[in-house]
Amino acid sequence: MAKRILITGAAGFLGSHLCDRFIKEGFQVIGMDNLITGDLKNIEHLVKEKNFEFYHHDITKFVHVPGKLDYILHFASPASPIDYLKIPIQTLKVGSFGTHHCLGLAKEKNARILIASTSEVYGDPQVHPQNEDYYGNVNTIGPRGVYDEAKRFQESITMAYHRFHGLETRIARIFNTYGPRMRLNDGRVIPAFIGQALRGEDLTVFGDGSQTRSFCYVDDQVEGIYKLLLSEYSEPVNIGNPDEISILDFAKEIIRLTGTNQKIVFRDLPQDDPMQRQPDITRAKEILGWEPKVDRAEGMRITYDYFRSMSKEELDKREH
Ligand code: NAD
Ligand code: UDP
């Protein structure tokens, strides 16, 4: 009998790719989303699938799913700094109440649950690259605290359910991931730069651009999550691509990729913006036999093609 999986945040960027992957693997997939930062367009191609159901639901309210469940992937949460600064209370609620509801559901159904944690639990890290044993450096009361602390609480309550109730839990610490179906205007650096290049605008580098990030292509991320879910490992695992680049160099790469001659302009660095970020993926390699395969040049070409195919109206739509 096919395994049944609930994916929260299904209409978002990562959630929709995970739906695709689990449908492909023969699972019955239930997608759940309240569409606060997601878009039904990301999963409209799945509506015809007999193994796919969609529930429009806010998981900060009690979560009920009829029938058996073997797995839960809990991915619902705003993920872009602009989004979670705009909806800070919802961000805290989905990471806390939303996670509590998902864990309660997992316990009721005796299902294994994987939660989407983040490199943000390391805050502005003083250890580089970041391994899973680092406790992090988070400003609890800063503007990003609403996301970082919600995710840290999420990890704590997940481990409590694991230790106290014996629930089968998995924790993926996801590092910056990109690819098709990111929202053009969600404010994250890749859609921001590509959108600017396509509209003929200057690229906005925050600060002096010396801060670093390490970008992971979505297919690699999905493969890592798939392997982690099916593994027997319940401690956190970093999933990301260690190929690190400064944001200024990345802006120059985008200009080369898009063949435009946009200028780079400098804007204020947002408060508590982490100055460096690179995953240590030793654990993922050892435990999951996983490492990323798609390099930035290839991943960015695919992502650029996705955004380039958008209409002028879509490109000109502003949210912020
Ligand atoms: P996204 O905004 O595209 O997707 C999040 C989805 O969750 C959206 O469809 C949104 O509508 C839904 N959602 C939010 N609150 C909800 C609620 N209360 N009830 C039901 N649905 C709700 O973001 P994403 O990039 O796909 O991120 C997905 C998950 O992965 C998040 O938990 C995020 O913290 C985590 N993550 C992502 C990255 C990344 O680089 N993309 C990095 C680290 C962690
Ligand atoms: N950034 C930037 N210009 C933009 C958007 C983002 O320079 O238009 C920077 C941002 O300050 C951060 C990096 O790019 O240092 C990555 O930002 P993003 O929002 O994508 O992710 P996060 O900060 O959560 O890693």
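The values are calculated or read from the model by the stated rules, or taken from the named source; none is laboratory data. The structure presented is a predicted model; accordingly, all values stated were derived computationally and were not measured. All Cβ positions, even for glycine, are placed from backbone atoms using ideal geometry, and neighbour counts span all protein chains on display.
Only residues that are at pLDDT 95 or above, among the charged types (D, E, K, R) and outside any loop (DSSP other than H, G, I, E, B) were counted across the range 171-203, and they come to 1. Among the residues making up the range 21-47, those that are more than 13 Å from ligand 1 (Cβ to nearest atom) and either in contact (Cβ under 8 Å) with a residue 40 or more places away in the chain or among the hydrophobic types (A, V, I, L, M, F, W, C) (or both) are R21, F22, I23, E25, F27, V29, L46, V47.
Let's see how each residue does on (1) buried (at least 20 other Cβ atoms within 10 Å of the Cβ); (2) within 29 Å of D20 (Cα to Cα); (3) free of Cβ contacts under 8 Å to residues at least 40 places away in the same chain; (4) of a type in the set (F, W, Y):
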site: D219; (1), (2), (3), (4): no, yes, no, no
site: G224; (1), (2), (3), (4): yes, yes, no, no
site: V237; (1), (2), (3), (4): yes, yes, no, no
site: I245; (1), (2), (3), (4): no, no, no, no
site: A251; (1), (2), (3), (4): yes, no, no, no
site: V265; (1), (2), (3), (4): no, no, no, no
site: M275; (1), (2), (3), (4): no, no, no, no
site: E298; (1), (2), (3), (4): no, yes, no, no
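Here the condition is being crowded, with 23+ Cβ neighbours inside 10 Å, in contact (Cβ under 8 Å) with a residue 40 or more places away in the chain and in contact with a helix residue (DSSP H, G or I) (Cβ under 9 Å, 6 or more places away or on another chain); of L103, L92, it holds for L103 alone. Would you be able to say whether some residue in the range 52-65 is surrounded by fewer than 15 Cβ atoms within 10 Å (Cβ to Cβ), aromatic (F, W, Y), in a loop (DSSP other than H, G, I, E, B) and modelled with pLDDT of 95 or more? Yes, the range 52-65 contains a residue that is surrounded by fewer than 15 Cβ atoms within 10 Å (Cβ to Cβ), aromatic (F, W, Y), in a loop (DSSP other than H, G, I, E, B) and modelled with pLDDT of 95 or more.
Restricted to the range 186-208, and to residues that are within 11 Å of ligand 1 (Cβ to nearest atom) and within 19 Å of G259 (Cβ to Cβ), which residue is surrounded by the most Cβ atoms within 10 Å (Cβ to Cβ)? Applying the filter and picking the extreme gives I190.
The rows are residues; the columns are (1) in a strand (DSSP E or B); (2) of a type in the set (S, T, Y); (3) farther than 20 Å from K227 by Cβ.
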{"site": "A2", "(1), (2), (3)": "no, no, no"}
{"site": "A11", "(1), (2), (3)": "no, no, yes"}
{"site": "G15", "(1), (2), (3)": "no, no, no"}
{"site": "C19", "(1), (2), (3)": "no, no, no"}
{"site": "T37", "(1), (2), (3)": "no, yes, yes"}
{"site": "K48", "(1), (2), (3)": "no, no, yes"}
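On the stretch given as the range 58-91, residues that are in contact with a His (Cβ under 9 Å, 6 or more places away or on another chain) and within 11 Å of ligand 1 (Cβ to nearest atom) total 5.
Could you check, for the range 205-217, whether at least one of its residues is in a helix (DSSP H, G or I) and either out of contact with any Lys or Arg (no Cβ under 7 Å at 6 or more places or on another chain) or not basic (K, R) (or both)? Within the range 205-217 (the criterion being in a helix (DSSP H, G or I) and either out of contact with any Lys or Arg (no Cβ under 7 Å at 6 or more places or on another chain) or not basic (K, R) (or both)), the answer is no, since none of the residues qualifies. Could we say that E253 is of a type in the set (D, E, K, R) and outside any helix (DSSP H, G or I) here? No. When the range 1-20 is filtered for residues that are in contact with a strand residue (DSSP E or B) (Cβ under 7 Å, 6 or more places away or on another chain) and more than 15 Å from ligand 1 (Cβ to nearest atom), the ones remaining, listed by number, are A2, K3, R4, I5.
Find the residue count for the range 1-32, including only residues that are within 16 Å of ligand 2 (Cβ to nearest atom) and more than 19 Å from the chain's Cα centre (by Cα). Even if it seems obvious, please write down each step before you answer.
So the first thing to find is which residues in the range 1-32 are within 16 Å of ligand 2 (Cβ to nearest atom), and the list is 12-14.
Checking which are more than 19 Å from the chain's Cα centre (by Cα) leaves us with none.
Count: 0.
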